[in-house]
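Colleague: Before I ask anything, here is the structure I am working with.
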Amino acid sequence: MKNTYNLRSIAATAISQVLDNGQSLSAVLPELQRNINDKDKSLLQEICFGVLRYLPKLEWFISQLMEKPLTGKQRTLHYLIMVGIYQLLYTRIPAHAALAETVDGAVALKRPQLKGLVNGVLRSFLRQQVQLEERNENNNSQYLHPSWLLKRLQDAYPNEWQSIVDANNQRPPMWLRVNSQYHSAKQYLELLEQVDISAQLHPSRPSAICLDEPTPVSKLPGFEDGWSTVQDASAQGCAELLQPKNNENILDLCAAPGGKTTHILELAPKANVLAVDIDEFRLKRVKENLKRLKQHATVIEGDGTKPEQWADGQLFDRILLDAPCSATGVIRRHPDIKWLRRDSDINELAQLQSKILESVWPYLKPNGTLLYATCSVLPEENSLQIQNFLAKHSDACLNDGTEAGLQILPSTTGGDGFFYARLVKQAQ
């Protein structure tokens, strides 16, 4: 039976909601995927993520093929043409099928009069593809990043910015965290091999395994029983550096979707964990993850800048603050970040991070540990943030032998971009 929907028009709609309405792809996609079959769900995801990954390049191609861009109510057709060019460049879909389905998308978007235009532009692209790609290599769109972010990366990392950009432009690897309550990473690797899933151990993270190919979680041994969790290798560093112990009071602040909460409880099953996040909707994911892993934590909706409203006067042995940030370290997982963030956001986020740090510090016991973490690569949110905090707090010292924390840069073979700083409160 033929599908009653046109996948390319759905992709163009999703891209429009991100670029024109400022919504994140992870918020838009679940709703649009509800009425399409499983095979098409992954194709929709591939197209949407791909178009946002290669956006400047696709824009440049369209600018060479059309005298003026489609605007206003016809803007979604502009994104439909992008969807077409993306398929021709980066997927194995035969050109005739990609062309036919994309042209039909104009009808699904209630613009049948523009079918000829869509068809004409895509056929022109096919004819001129080699020359267009050669010319594109000589302009800035090849970096696939907005100019403000490129400049910040170049300023902060004069020698590494290009490798950061390269890593950001890759498809993300799929990392697993093996639940040490059941297996070692080596034992789980053997279980994966038994079901023909090839993977590699991380050189230094004891529970991290990287799959050679992304795999549905339903195919992972014991996933429903809590044997493993999908979590990037760099994110796994948080609970490891926090070093939780049984019977301690531990606060996981900005906890959603719960990967770090559950990791804390794998390392210290008898810890008293309070997981707090401002987003009520995302807290459902925390509860789902705890349930799958058969763990218990107290889960509360709360504002990190106002702990007096939810901490109930208690002090904590350890605090994990995974601070709200620009997410510039996880662009390969969320390419829409490049187009949703603005340069002005960085200063605002740095102020919010500072406010949360200041607010929660009094709730840490003397000799307690606070691990500050972000999935950002920008110094304003990371090393400079920690330097400012240390300058203001004589009772705070860094415990990890660095001047201002540990910055991990995204790499094509390793984890995402991440920052950690382990602060210890000295007894006065």
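Every read-out reported here was derived from the displayed coordinates using simple, explicitly stated rules and does not represent laboratory data. Everything numeric here is computed off the predicted structure, so don't read it as measured data. Methodologically, a virtual Cβ is constructed for each residue, glycine included, from the backbone with ideal geometry; neighbour enumeration extends over all protein chains shown.
Colleague: Pairs of alpha-carbon atoms within less than 8 angstrom and 6+ residues apart define the contacts here; what relative contact order does the chain have, in percent?
Modeller: Across the chain, relative contact order equals 13 percent.
Colleague: Within the chain, which is the longest segment that contains none of the GluC sites (Glu not before Pro) sitting in a DSSP loop with at most 16 other Cβ atoms within 10 Å?
Modeller: Of all site-free stretches, the longest is 225-402.
Colleague: For segment 233-425, please report how many Lys pairs fall under 17 Å Cα to Cα, leaving out neighbours fewer than 8 apart on the same chain.
Modeller: So the count works out to 15.
Colleague: With a cap of 16 neighbouring Cβ atoms within 10 Å, and only residues DSSP puts in a loop, list the trypsin sites (Lys or Arg not before Pro) found in segment 104-207.
Modeller: When the trypsin sites (Lys or Arg not before Pro) of segment 104-207 are filtered for loop state and at most 16 Cβ neighbours within 10 Å, LYS110 remain.
Colleague: Hey, another quick one. Which value in nm describes the separation of the simple spin-label points at GLN154 and ASN347, placed 7 Å from the Cα toward the beta carbon?
Modeller: Result for the modelled spin labels: 2.1 nm.
Colleague: Using a ≥ b ≥ c from the Cα gyration tensor of segment 246-375 (square roots of the eigenvalues), is it rounded, prolate or oblate, where a/c under 1.5 gives rounded and otherwise the larger of a/b and b/c decides, a/b for prolate?
Modeller: oblate
Colleague: If you don't mind, another one. To the nearest 0.05, how large is the calculated FRET efficiency for LYS39 and SER198 if R₀ is 25 Å and r is the Cβ-Cβ distance?
Modeller: Once the sixth-power term is evaluated, E becomes 0.60.
Colleague: Right, here's the next one. Using θ = phi - 60° and the Karplus relation 6.51 cos²θ - 1.76 cosθ + 1.60, list the HN-Hα couplings for segment 324-335 in order, rounded to whole Hz, with x at every Gly or Pro.
Modeller: Those phi angles translate into x, 8, 6, 6, 5, x, 10, 4, 5, 7, 9, x Hz.
Colleague: Starting from the Cα-Cα distance between HIS296 and GLN187, subtract it from 0.36 nm times their residue separation and give me the gain in nm to one decimal.
Modeller: 36.7 nm
Colleague: Roughly how many nanometres apart are two label points built 7 Å out from the Cα toward the Cβ at GLN64 and ASN140?
Modeller: Using points 7 Å along Cα→Cβ, the separation is 1.9 nm.
Colleague: Show which lysines lie in cross-link reach of LYS41 when reach means a straight Cα distance below 19 angstrom and same-chain residues fewer than eight apart are skipped.
Modeller: Those lysines meeting the cut-off are LYS2, LYS219.
Colleague: Compute the distance in nm between two label points, each set 7 Å from the Cα along the Cα-to-Cβ direction, one at THR305 and one at ASP400.
Modeller: Label-label distance for THR305 and ASP400, simple model: 2.6 nm.
Colleague: Let me ask something additional. Could you check what % of the DSSP bridge pairs in the chain are antiparallel, to the nearest 5?
Modeller: 55 percent
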